[in-house]
Amino acid sequence: MYCFFPFVIEYNVTGKVWIGTEDWSVATLVSGIPGISSIGTVIGVSIKYTPFSGFRDFEKQSVSKLKDISMSHNSSEMRVPCVQNTDLYTMATQNYSLEEYDISSFFNVHKAVYAVAQALRQVLNCDSAECQKTQIQPWQVPVSQCSPECPFGQSKLQVGQHKCCFKCMPCPVSTFLNNTGSTSCQPCKRNQWSPAQSEECLNREVLYLPWEAPLAFALLVLVALTLLLTLGTTLVFLLKLNTPVVKSAGGRTCLLMLLSLSAACCSTLAHFGVPSQLSCLFQKSFFILSFTVCLACVTIRSFQVRWVM
């Protein structure tokens with residue numbers, strides 16, 4: 001195309017729409033031709049470009065080596081490694097500047113060669129040393145697929161620069177995936193759940209202790225006995241508040257401790273029946289508050305005894 005467009009400009013071919021590949025539509029050699037803007041509109045089809053690590057250094061080292069060899073030997077007698085069959089040899093002998101060299105098309109070449117090499121390696125059963133087979137038939141060529149599709153319950157995690165190469169990652173708990181090709185798992189609804197690597201969500205099963213259950217009846221009897229003991233002791237202490245025995249036991253501090261124990265005992269009633277947001281909030285916060293007050297009273301009473309001793 002570098003040699004073609006000068007003739008287009010010379011013959012004054014203008015007002016055209018040119019559809020080109022990325023080899024020349026984005027090449028600086030073509031866009032730098034004088035008068036190239038007069039040919040019309042250029043629509044270039046380009047794919048995502050990924051730079052090759054170390055490729056520029058390889059080119060520079062190869063060209064420099066070829067220049068050194070060409071200066072020390074005659075071109076007819078010169079023997080160069082396999083790079084002499086490439087354009088690098090011509091670039092070296094003609095002192096071509098690498099800064100103007102567009103390597104974007106090498107990405108396509110790299111992918112094509114890599115795909116063919118991997119296919120042949122699988123068909124010929126090759127390892128790093130040799131191949132087990134030497135001939136193949138057309139029907140033995142494998143499908144060009146880097147990674148197989150992930151099963152349901154697993155999402156894709158791309159590996160490397162190619163979208164067709166990925167790992168299958170199981171969906172975490174409370175997520176699901178019932179289709180292939182997705183890169184993320186879908187969360188379950190609030191009233192649903194799922195184990196890891198699930199295709200669907202399951203409805204949550206509500207478990208609670210009904211009031212009419214035998215275990216609930218036995219626990220209620222124990223709660224009632226505990227309340228009777230604590231409230232009865234509180235009443236006795238309240239009636240005998242000014243006696244020496246009650247004062248030595250802690251007096252009003254002891255009354256507060258007994259009342260907090262009674263309140264903590266009452267908080268267990270919220271564990272029976274169908275749970276609700278109010279009952280769940282009550283059974284935790286009320287028990288923590290009342291039991292904290294009880295422990296605080298015990299701590300204060302311990303300091304008082306230590307101070308008297």
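The values are calculated or read from the model by the stated rules, or taken from the named source; none is laboratory data. Worth saying up front: this structure is predicted, and the values here are computed from it rather than measured. Reconstructed Cβ throughout: ideal geometry from the backbone, glycine too, with neighbour counts over all protein chains shown.
Matching residues to (1) in contact with a strand residue (DSSP E or B) (Cβ under 6 Å, 6 or more places away or on another chain); (2) modelled with pLDDT under 80; (3) acidic (Asp, Glu):
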| residue | (1), (2), (3) |
| --- | --- |
| 114 | no, yes, no |
| 120 | no, no, no |
| 130 | no, no, yes |
| 138 | no, yes, no |
| 157 | yes, no, no |
| 160 | no, yes, no |
| 173 | no, no, no |
Where a residue in the range 250-275 is in contact (Cβ under 8 Å) with a residue 60 or more places away in the chain and its partner, wherever it lies, is of a type in the set (Ser, Thr, Tyr), with Cβ under 7 Å and at least six apart = 273/208; 274/208; 275/208
Selection within the range 176-201 - closer than 22 Å to residue 148 by Cβ and hydroxyl-bearing (Ser, Thr, Tyr) | 180, 182, 183, 184, 198
Any idea which of (1) under 47 Å from the mean Cα position of the chain (by Cα); (2) assigned to a loop (DSSP other than H, G, I, E, B) is the one residue 283 doesn't satisfy?
-> (2)
Subset of the range 189-209 (residues that are part of a loop (DSSP other than H, G, I, E, B), of a type outside the set (Phe, Trp, Tyr) and farther than 18 Å from residue 171 by Cα) = 191, 204, 205, 206, 207
Residue under evaluation residue 296, criteria (1) modelled with pLDDT of 80 or more; (2) buried (at least 17 other Cβ atoms within 10 Å of the Cβ), criterion not met = (2)
Residue that is modelled with the lowest pLDDT [pool: residues in the range 270-292 that are surrounded by 15 or more Cβ atoms within 10 Å (Cβ to Cβ) and among the hydroxyl-bearing types (Ser, Thr, Tyr)] | 279
Top-ranked residue in the range 1-52 [being over 29 Å from residue 160 (Cα atoms) and polar (S, T, N, Q); ranked as modelled with the lowest pLDDT] = 31
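Going by the structure shown, is residue 224 at pLDDT 85 or above, within 30 Å of residue 256 (Cα to Cα) and loosely packed, with under 14 Cβ neighbours inside 10 Å?
yes
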Taking interchain pairs and intrachain pairs at least six residues apart, which have beta carbon atoms under 6 angstrom, with the first residue in the range 157-170 and closer than 9 Å to residue 146 by Cβ and the second among the basic types (Lys, Arg)?
-> 159/167; 166/156
Hits in the range 239-271 - residues which are at negative phi and not in a helix (DSSP H, G or I) | 240, 241, 242, 243
Could you tell me whether the range 210-217 includes any residue that is farther than 30 Å from residue 172 by Cβ, in contact (Cβ under 8 Å) with a residue 40 or more places away in the chain, among the hydrophobic types (A, V, I, L, M, F, W, C) and surrounded by 11 or more Cβ atoms within 10 Å (Cβ to Cβ)?
-> yes
Quick one: would you say residue 291 is in a helix (DSSP H, G or I), in contact with a Ser or Thr (Cβ under 6 Å, 6 or more places away or on another chain) and without any contact (Cβ under 8 Å) to a residue 40 or more places away in the chain?
-> no
Of the numbered conditions (1) in contact (Cβ under 8 Å) with a residue 24 or more places away in the chain; (2) surrounded by 11 or more Cβ atoms within 10 Å (Cβ to Cβ); (3) closer than 21 Å to residue 276 by Cβ, residue 198 fails exactly one; give the number of that condition.
-> (3)
